[in-house]
Amino acid sequence: MANDASFEVTDSEQPGVSVLDVRGEIDVATSPELQEILVELIGRGPELLIVNLSDVSFIDSTGLGVLVGAVRDVRAGGGELHLVVTEPHIMKLLELTGLDEVFSVVSNTSDAVRP
Amino acid sequence: MMSALHGRASVEVNDVHRVELSIPADPQMLFLARMTAAAVAARADLNYEQVEDLRLALDELCVGLLNFGTCAGQIALLFQWDSEGTLDVVGTLVPDGEPSSNGNTPGTTGPALSIELSQRILDSLVDDHGADAIGGVHRAWLRVRRQELSV
């Protein structure tokens, strides 16, 4: 019995842009899988990495920790990471932890790729 | 490792309701704690936003207990609320002595950041929270008070 049956991550690529669509709950059980995928994607050196959280229903401190690690790693390689957030409670969580100042947050993927 | 789930539903004593839940100290099981938190919060007449807040706060409380998990065991949760709108949750890590395999790996930036974020989340979402260890038994608790909707 596990809750990560609904946790899914799919990635797609255009030149210089990687898009990671995440679905389900990001918690202490699923964060390691997300971290593994992000490390692999960042290793390809994208100029822009978009992490789409539109279909994420829950994220906790372990998930946020993974995303902070990812944004640091992308920037260290000269790239940028944008988060797509549409759920108000996830936006609230970013604000109350101060991470809305760390991430570039947009409300849809099109805005994320726009220069 | 033998997994065990135990629950005891809403026992009412002197207008105080109690729900007990015991889950394996395993990250895969925290969704059960979150589901229970949401159900209890709704029973305690918390508003929608507070239900979501309690779900997250309870998750953070359990993650904190898992961080102490050097042994396999159970997380015992006691939810208690009254008609005045005060809801308390106490979580206790009950080790069973077997080596742990919960594999808690918070993030590429290490657990320190996740712990700091967890504290910020709890500070923001609940009215009071804390943790201690007495006789090697780790405990964490939180308290929320029902917010009346302003019209």
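The values are calculated or read from the model by the stated rules, or taken from the named source; none is laboratory data. These figures come from a predicted structure and were not determined experimentally. Every residue, glycine among them, receives a Cβ derived from its backbone with ideal geometry; neighbour counts consider all protein chains shown. For the accessible areas, the whole protein counts, side chains as well, though only heavy atoms, and no ligand, DNA or RNA atoms are used. Shrake-Rupley method; radii C 1.70, N 1.55, O 1.52, S 1.80 Å.
Worth a mention:
- Separation of region B:20-40 and region B:55-90, taken as the distance between their Cα centroids, equals 9 angstrom.
- Chains B and A together bury some 2400 Å² of accessible area, summed over both sides, with a 1.4 Å probe.
- Interface residues of region B:15-59, defined as those losing at least 40 Å² of solvent-accessible heavy-atom surface relative to the isolated chain (probe radius 1.4 Å), are listed as B:Pro27, B:Gln28, B:Phe31, B:Arg34, B:Arg55, B:Leu56.
- Cα centroid separation - region A:83-115 against region A:28-63, whole Å: 14 Å
- Rounded accessible area of A:Glu25 (nearest 10 Å², 1.4 Å probe): 30 Å²
- From helices alone, chain A scores -11000 deg cm²/dmol at 222 nm; the rule is -39500 (n - 2.57) for each run of n ≥ 4 DSSP H residues, then divide by the residue total.
- A Gaussian network model of chain A, with springs between Cα atoms under 10 Å, assigns the largest mean-square fluctuation among A:Ser12, A:Ser54, A:Ser31 to A:Ser12.
- The length gained on full extension between B:Arg18 and B:Glu49, counted as 0.36 nm times the residue separation minus their Cα-Cα distance, comes to 9.0 nm.
- Using a Förster distance of 35 Å, the FRET efficiency for B:Ser83-A:Ser107 (Cβ separation, nearest 0.05): 0.30
- Highest-MSF residue in chain A out of A:Glu47, A:Glu101, A:Glu80 [GNM, Cα springs under 10 Å]: A:Glu101
- Beta bridges by DSSP in the protein assembly as shown, antiparallel share as percent, to the nearest 5: 75 percent
- Surface accessible to a 1.4 Å probe, per residue, for the residues of region B:16-145, Å²: 42 Å²
- Rotationally averaged projected area of region A:7-113 (alpha carbon convex hull; nm²): 5.7 nm²
- Where B:His6, B:His17 fall by accessible area, highest first, once all protein chains stay in place (1.4 Å): B:His6, B:His17
- Cβ-derived FRET efficiency at R0 22 Å, A:Glu80 paired with A:Ser57, nearest 0.05: 0.25
- A simple count of charges around A:Val105, restricted to other residues whose Cβ falls under 11 Å of its Cβ and scoring Lys, Arg +1 and Asp, Glu -1, yields -4.
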